[in-house]
Amino acid sequence: MKVEEQYVEPASKLMSDYINGKPVLRQYFSYDPQLASFEKRLKNLQNHSVDRSKLTGILRDYMGREKLSEMTQQNLENLEAGAPVVITGQQAGILTGPLYTVHKAISVIILAKQASEQLRTPVVPVFWIAGEDHDLAEVSHLYREVNGRMDKLNIPYAEYGKNSASSANLNKPKTASFLEEYFRSLPETEHSKDIQKLAFGLLEKSRSFTDFFAELIHYFFQEEGLLYIDAADKAFRKYESPYFVEMINRSADIAKVVTVAEKSLVKDGYSAVIEAEETAANLFINVKGERLLLEREGPEFVANNGSIRFTKQQLLTIAEETPELLSNNVVTRPLMQEMVFPVLAFVGGPGEIAYWAALKGAFEIFDMELPVIMPRLSLTLVNRKTQRLLNKYKLDFSSVVNEHQIAAMRNRLMETIREQEAEALLANLELELEKNYEQIKQQFSLVSKGLTPIVEKNLQLHVKQLKFLKNKLQDEVILQNSIEFEHYAAIENELLPNGGFQERTYCPFTYMNQYGVDLVKDLLALPLCYDKNHKIIYF
């Protein structure tokens, strides 16, 4: 493997301004996104109240379903002894979901190592699995390439209702059938049997989407000592009970400051990604297996368009006695994370950092500050076939991703090979038809105005047929030059699938099929600098 680095301008204005240090955005964060901020943040964490013994016990029990590596045991001991954490999180996607999920885990591992060296004290990497998420449509699909086009393969999820990723019992036969179809779409390689054996073996050990996800996280990162926890774990929820009480008591204040912050962000030229409202409770509650968003209506907390109601005292009792029925939304999850863990830094993608930009005031309500918010590392994997095509057409990563040269090359090729004489004949025929039909319409209208629409419709039928001929002509021309068009499509499908980075589309198994089951391990061994540059990995 070989690493190259290039700056790629983020699609998000907020992300671009954030990583490039634009002053107007600095007011929304407590620290700059730099390793230099860690020393001050560590000092400010000294008064952070954490029951480290209880917390590490919960983590150990949750992760203890698998044999814990020596590094994992060491990190648990470090956390219990006073170490801060670098943390990230994600929903429990099938086969981990898009590559950026793995990139997040790689990011916290690398960042924790660099922070440990810089601060000369242990720093522990943690992955927060958002198992309470009930948007199963978001986690139950994979992308694959079929006949040169991107295809979305969906697991049927309607049978799970509004269960969360942790509470939905996986239909293993259907899930296995889905995975079989996915693996059939991948080219057969020397690694195909190994990755399928891995996936089906871990599926068999799993009860839920979250279990399957956690098994893969364990497999990929156990030797690195990455700690992980399901946010929906019952013991973890019990530990969070007093924090839910605080959030319920201050829910009106939280909603107000987040709403004000979003209005300020909009005034400064950014988007209101949370779309905060002052009536929001920013918590979910589980009622008869359904996860419902709570809102405040006068002194009450309501859900399901007001059909379900709780007094504040009733909700506080739930928080104290059955906290597993409660869960966080995008506003309160960062708050809960800060209350639970001594967070040195949080690692997130563009969308998450946009959420965090509105949360500084909410943290201050609880006498907390935002941790150092670090953008995750962004990686693109380039296989040998794509490297050969890039060389063939004298392209590189930047010319494809930054300059979008493939689209221009496709257009130039199309202009070169067009059957212009035949297209001109069709265009002239269309003009003649329109001219003649105008005369016909005038004559018909003298007989009856009611005949005019019939004439116009008849013209459109002829025009439609001419366009059909033109499209067929173009299809044949493209077919005769299909190899070059296929090469262009192959490059884009690799580097810019669906018009974005591959890490937002493909799952790790797409590349494990080409490289082997040690792909993630070998990525971790690369000398990746933690900076704002995009990493291009050639293998």
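Considering every residue within region 87-105, establish whether at least one is of a type in the set (Ser, Thr, Tyr), assigned to a strand (DSSP E or B) and within 30 Å of residue 533 (Cβ to Cβ).
Within region 87-105, the first condition is being of a type in the set (Ser, Thr, Tyr), and the residues that meet it are 88, 96, 100-101.
Next, from what is left, pick out any that are assigned to a strand (DSSP E or B): 88.
With the extra rule that they be within 30 Å of residue 533 (Cβ to Cβ), the set shrinks to 88.
The answer is yes, given that some residue of region 87-105 is of a type in the set (Ser, Thr, Tyr), assigned to a strand (DSSP E or B) and within 30 Å of residue 533 (Cβ to Cβ).
Assess whether residue 146 counts as being of a type in the set (Val, Ile, Thr), more than 20 Å from the chain's Cα centre (by Cα) and modelled with pLDDT of 95 or more. Give the steps one after another, and end with the answer.
Numbers: of a type in the set (Val, Ile, Thr): yes; more than 20 Å from the chain's Cα centre (by Cα): yes; modelled with pLDDT of 95 or more: no.
It is false that residue 146 is of a type in the set (Val, Ile, Thr), more than 20 Å from the chain's Cα centre (by Cα) and modelled with pLDDT of 95 or more.
Residues are listed down the side, and each one gets a yes or a no for (1) acidic (Asp, Glu); (2) surrounded by 14 or more Cβ atoms within 10 Å (Cβ to Cβ):
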| site | (1), (2) |
| --- | --- |
| 255 | no, yes |
| 265 | no, yes |
| 273 | no, yes |
| 278 | yes, no |
| 289 | no, no |
| 312 | no, yes |
| 319 | no, yes |
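Only residues that are under 14 Å from residue 221 (Cβ atoms), touching a strand residue (DSSP E or B) at 6+ places or on another chain (Cβ under 9 Å) and not in a helix (DSSP H, G or I): list them for region 66-86, please.
86, the sole residue that qualifies.
With respect to residue 39, determine if the residue is surrounded by fewer than 17 Cβ atoms within 10 Å (Cβ to Cβ) and over 18 Å from residue 346 (Cβ atoms).
Numbers: surrounded by fewer than 17 Cβ atoms within 10 Å (Cβ to Cβ): yes; over 18 Å from residue 346 (Cβ atoms): no.
It is false that residue 39 is surrounded by fewer than 17 Cβ atoms within 10 Å (Cβ to Cβ) and over 18 Å from residue 346 (Cβ atoms).
As an exercise: evaluate residue 165 against (1) in a loop (DSSP other than H, G, I, E, B); (2) in contact (Cβ under 8 Å) with a residue 24 or more places away in the chain; (3) under 24 Å from residue 516 (Cβ atoms) and give the number of the one condition it does not meet.
(3)
With the requirement that a residue be under 16 Å from residue 365 (Cα atoms) and acidic (Asp, Glu), what does region 240-295 give you?
Across region 240-295, the qualifying residues are 246, 253, 278.
Looking at 338, 320, 290, 324, can you tell me which residue is acidic (Asp, Glu) and either in contact with a Ser or Thr (Cβ under 7 Å, 6 or more places away or on another chain) or over 25 Å from residue 129 (Cα atoms) (or both)?
Working: 338 fails: either in contact with a Ser or Thr (Cβ under 7 Å, 6 or more places away or on another chain) or over 25 Å from residue 129 (Cα atoms) (or both); 290 fails: either in contact with a Ser or Thr (Cβ under 7 Å, 6 or more places away or on another chain) or over 25 Å from residue 129 (Cα atoms) (or both); 324 fails: either in contact with a Ser or Thr (Cβ under 7 Å, 6 or more places away or on another chain) or over 25 Å from residue 129 (Cα atoms) (or both).
When all the criteria are applied, what remains is 320.
For region 149-168, how many residues meet the condition of being loosely packed, with under 12 Cβ neighbours inside 10 Å and either over 22 Å from the mean Cα position of the chain (by Cα) or not basic (Lys, Arg) (or both)? Give the derivation first.
Taking region 149-168 first, the residues loosely packed, with under 12 Cβ neighbours inside 10 Å are 149, 151-152, 154, 158-159.
Those left that are additionally either over 22 Å from the mean Cα position of the chain (by Cα) or not basic (Lys, Arg) (or both): 151, 154, 158-159.
Adding up the residues that qualify gives 4.
Tell me which residues, restricted to region 236-289, are out of contact with any helix residue (DSSP H, G or I) (no Cβ under 9 Å at 6 or more places or on another chain) and among the basic types (Lys, Arg).
263, 267, 288
Note down all Cβ pairs under 6 Å where the first residue falls in region 437-464 and is of a type in the set (D, E, K, R), the second is assigned to a helix (DSSP H, G or I), and they're at least six residues apart or on different chains.
Listed pairs, sorted by first residue: 441/452; 441/455.
Report, by residue number, each residue of region 245-286 that is among the charged types (D, E, K, R) and either over 24 Å from the mean Cα position of the chain (by Cα) or not in a helix (DSSP H, G or I) (or both).
First, pick out the residues of region 245-286 that are among the charged types (D, E, K, R): 246, 250, 253, 256, 262-263, 267-268, 275, 277-278.
246, 250, 253, 256, 263, 267, 268, 275, 277, 278, listed by residue number.
Just the residues that are under 18 Å from residue 532 (Cα atoms) and in contact (Cβ under 8 Å) with a residue 40 or more places away in the chain, please, taken from region 35-58.
The first filter runs over region 35-58 and keeps only residues under 18 Å from residue 532 (Cα atoms), leaving 35-38.
35, 37, 38 - these are the residues of region 35-58 that are under 18 Å from residue 532 (Cα atoms) and in contact (Cβ under 8 Å) with a residue 40 or more places away in the chain.
What are the residues in region 105-126 that are of a type outside the set (A, V, I, L, M) and crowded, with 21+ Cβ neighbours inside 10 Å, if any? Walk me through how you get there before you give the answer.
Taking region 105-126 as the starting set, the residues that turn out to be of a type outside the set (A, V, I, L, M) are 107, 113-114, 116-118, 120-122, 125.
Of everything in region 105-126, those that are of a type outside the set (A, V, I, L, M) and crowded, with 21+ Cβ neighbours inside 10 Å turn out to be 107, 125.
Name the one entry in 76, 68, 42 that is under 30 Å from residue 273 (Cα atoms) and either at pLDDT 95 or above or among the aliphatic types (A, V, I, L, M) (or both). Before you say what the answer is, go through the steps one by one.
Working: 76 fails: under 30 Å from residue 273 (Cα atoms); 68 fails: under 30 Å from residue 273 (Cα atoms).
Answer to the selection: 42.
Considering only region 480-519, state which residues are farther than 26 Å from residue 11 by Cβ and of a type in the set (A, V, I, L, M).
Hits for region 480-519 are 483, 512, 517, 519.
Conditions tested, residue by residue: (1) at pLDDT 95 or above; (2) acidic (Asp, Glu).
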{"site": "82", "(1), (2)": "yes, no"}
{"site": "103", "(1), (2)": "yes, no"}
{"site": "107", "(1), (2)": "yes, no"}
{"site": "118", "(1), (2)": "yes, no"}
{"site": "123", "(1), (2)": "yes, no"}
{"site": "138", "(1), (2)": "no, yes"}
{"site": "142", "(1), (2)": "yes, no"}
{"site": "158", "(1), (2)": "no, no"}
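Output the number of residues of region 183-232 satisfying the condition of being crowded, with 23+ Cβ neighbours inside 10 Å, within 18 Å of residue 518 (Cα to Cα) and either among the hydroxyl-bearing types (Ser, Thr, Tyr) or in contact with a Pro (Cβ under 7 Å, 6 or more places away or on another chain) (or both).
1
Have a look at 456, 486, 494, 503 and point out the one that is in contact with a Gly (Cβ under 7 Å, 6 or more places away or on another chain) and either surrounded by fewer than 18 Cβ atoms within 10 Å (Cβ to Cβ) or closer than 26 Å to residue 382 by Cβ (or both). It would help to see each step written out before you state the result.
Numbers: 456 fails: in contact with a Gly (Cβ under 7 Å, 6 or more places away or on another chain); 494 fails: in contact with a Gly (Cβ under 7 Å, 6 or more places away or on another chain); 503 fails: in contact with a Gly (Cβ under 7 Å, 6 or more places away or on another chain).
Among 456, 486, 494, 503, only 486 is in contact with a Gly (Cβ under 7 Å, 6 or more places away or on another chain) and either surrounded by fewer than 18 Cβ atoms within 10 Å (Cβ to Cβ) or closer than 26 Å to residue 382 by Cβ (or both).
The values are calculated or read from the model by the stated rules, or taken from the named source; none is laboratory data. All figures in this text were calculated on a predicted structure; none of them were measured in a lab. Note that each Cβ is placed from the backbone with ideal geometry, even for glycine, and that neighbours are counted across all protein chains shown.
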